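Some notes on the structure that comes next.
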Amino acid sequence: MKKHLFSLVTLLVSIAGSVSAQSSGYPELDAMVQTWKDAQQTTLGYPASQESDLALFYQWYLASGMDVVNLNNAGDPMTDAPSTLSTQKFERQVIEFFAPLYGFKLDDVWGLVTHSGTDGNNHGIYFGVNYLRNQTGMEPVLYVSNEAHYSNMRLAHLQNVEMYLVASDSMGRMIPDSLEEVLVTSRPALIVYAMGSTFKGAIDDQKALNAVLASHPEIPAVYRHVDAALFGGYLPFSPYRALVDRDTMRYESISVSGHKFFGLDSPSGLFICTKEIYDNQVDYNVPYLNSNMRMINCSRDALQPLKFWWLTKSIGHTGWTYQAAKLLAQRDYLKQQLDSIGWPNWVNDYSNTVFFRRPSQRVISKYTLAQGYDDRFGGELAHVVVMQHVTKEKIDMFIADLIEQDVQR
Ligand SMILES: *Cc1c(COP(=O)(O)O)cnc(C)c1O
């Protein structure tokens, strides 16, 4: 009873807080709130959605008294015996919501809600290495494009996997002929496809690259992991869903971030693979957990899967389809506006990342733009990642700042 009373009070305080700015009692923290809120208004350079829709979740969380329950998802979310002080049951529903969207069959899938896109890639590479070793008794070679997200290179290093960086074309896509050149056909191949590449938003051409691999039947075994941290969010809800469909593309596993398109308010993600891959991992039978531990982490966040589940219910297929269309329309608008003021800019097919001639430092700072460099595009570059919050109004303000800085030059 006391607990519930406390929760009610907390809820009322939090509702009051949303009306008049509430003090935390820590001036240093209170001072940051305005800084954060201001920065949120103009951030355009990074792929986190700033339109998180979890207010009702947090209200429920406090009102239900769950704030004093320490849950932990250690263990396998896909078993039929989820542990009680966990949200594994809901985590499994999240995986089963998304699996068909990426072309996985519900009776042939395994997955988990990860701590981030990097955590998902860690599982992709780890599962790939174990699967290939298990199939062939040999050490695989990892191939990834030199424009892919650095986490893949870091993780190859961490896992001590021999890696070849494959050259990419000027737009950032892995070049099939370059893959052909570096292939070690006597060893199993673990390939990571970038969807998209970090700076230019390139999508590796899975069909063309798969064809290169298929033209070498002497390769002992192949594993394809798709790093779709950003694009894996909106593509399944767009007309281009075939790009992340494993029925069409034939990959073994995929990793997607939760805090990018899906709008979770802190890092999380999805890792999904087939049953065959799961069944060919290394066993660690841990009697005090609910099952065979194949995932890398022991303790795992219980709240992120629950927030994810909440969003599958509150936003769901309809909401994310609407957001995907909006985001691609906003990308078109940004490109049009840049074209109309003659500002050199480029965008890959299906990408929400527009890169362009780098503006002044003032504009870079104001909009927290990410920077890049490529002689083939005139040298200094920057990009905008068009997420849900990059509205027409924000784009107009950004374009006005570009015009103003041009006048000052
Ligand atoms: C963002 C991103 C990552 C890293 O994901 P985190 O969730 O930040 O760990 C990896 N690969 C790609 C393609 C990305 O866009």
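Any read-out appearing in this document is the output of simple, stated calculations on the displayed coordinates, not a laboratory observation. What you see is a predicted model; the values in this text were computed from it and never measured. Cβ sites come from the backbone with ideal geometry, for glycine too, and all protein chains shown count toward neighbours.
Shape call for region 189-292 from the C-alpha gyration tensor, a ≥ b ≥ c root eigenvalues: rounded (a/c under 1.5), prolate (a/b greater than b/c) or oblate? Cα axes put region 189-292 in the oblate bin.
At q = 0.15, 0.28 Å⁻¹, what base-10 log of I(q)/I(0) does the Debye formula yield for region 17-82 when every alpha carbon is treated as an equal point scatterer in vacuo? Normalising to I(0) and taking log10 leaves -0.84, -1.17.
Only alpha carbons enter this Debye calculation for region 87-218, each as an equal point scatterer, and the log10 of I(q)/I(0) it gives at q = 0.14, 0.21, 0.22 Å⁻¹ is -0.71, -1.34, -1.39.
Length gained on full extension, Glu162 to Ser299: 46.4 nm, using 0.36 nm per residue less the C-alpha separation.
The value obtained for region 88-314, namely the Cα convex hull volume divided by the number of residues, is 119 Å³ per residue. Cross-link partners of Lys37 among lysines, defined as those whose alpha carbon lies under 29 angstrom from its own and excluding same-chain residues fewer than eight positions apart: Lys200, Lys260, Lys307, Lys313, Lys326, Lys335, Lys366, Lys392, Lys394.
Evaluated over the Cα positions of region 254-345, the convex hull gives a direction-averaged projected area, one quarter of its surface, of 9.2 nm². Taking all Cα pairs closer than 8 Å and separated by 6 or more residues, the relative contact order of the chain comes to 21 percent. Cross-link partners of Lys275 among aspartates and glutamates, defined as those whose alpha carbon lies under 20 angstrom from its own and excluding same-chain residues fewer than eight positions apart: Asp76, Asp80, Glu91, Glu96, Asp107, Asp108, Asp119, Asp227, Asp245, Asp247, Glu252, Asp283. Over region 88-314, calculate the relative contact order: mean separation of alpha carbon pairs under 8 Å at least 6 apart, over the residue count, as a percent. Relative contact order for region 88-314 comes out at 27 percent. Peptides 136-142, 270-276, 234-240, 59-65 ranked from most to least packed, by the mean per-residue count of other Cβ atoms within 10 Å: 270-276, 234-240, 136-142, 59-65. A helix-only calculation puts the chain at -13000 deg cm²/dmol for mean residue ellipticity at 222 nm, using -39500 (n - 2.57) for each DSSP H run of at least four residues, averaged over all residues.
Each peptide in 145-151, 126-132, 316-322 was scored by the mean count of other Cβ atoms within 10 Å over its residues; highest first, the order is 126-132, 145-151, 316-322. Starting from the Cα gyration tensor of the chain, take the square roots of the eigenvalues, sort them a ≥ b ≥ c, and report rounded, prolate or oblate (rounded when a/c is under 1.5, otherwise prolate if a/b is larger than b/c, else oblate). In terms of gyration-tensor shape, oblate.
Put a dot 7 Å past the Cα of His317, heading toward its Cβ, do the same for Met138, and the two dots end up 4.3 nm apart. Less than 10 Å Cβ to Cβ from Val282, Lys/Arg counted +1 and Asp/Glu -1: what total charge do the surrounding residues give? Taking every Cβ under 10 Å from that of Val282, the sum is +1. Peptides 68-77, 209-218 ranked from most to least packed give 68-77, 209-218, packing being the mean of other C-beta atoms within 10 angstrom over each peptide's residues. Here the label points at Tyr46 and Glu218, each 7 Å from Cα along the C-beta direction, are separated by 4.7 nm in the simple model.
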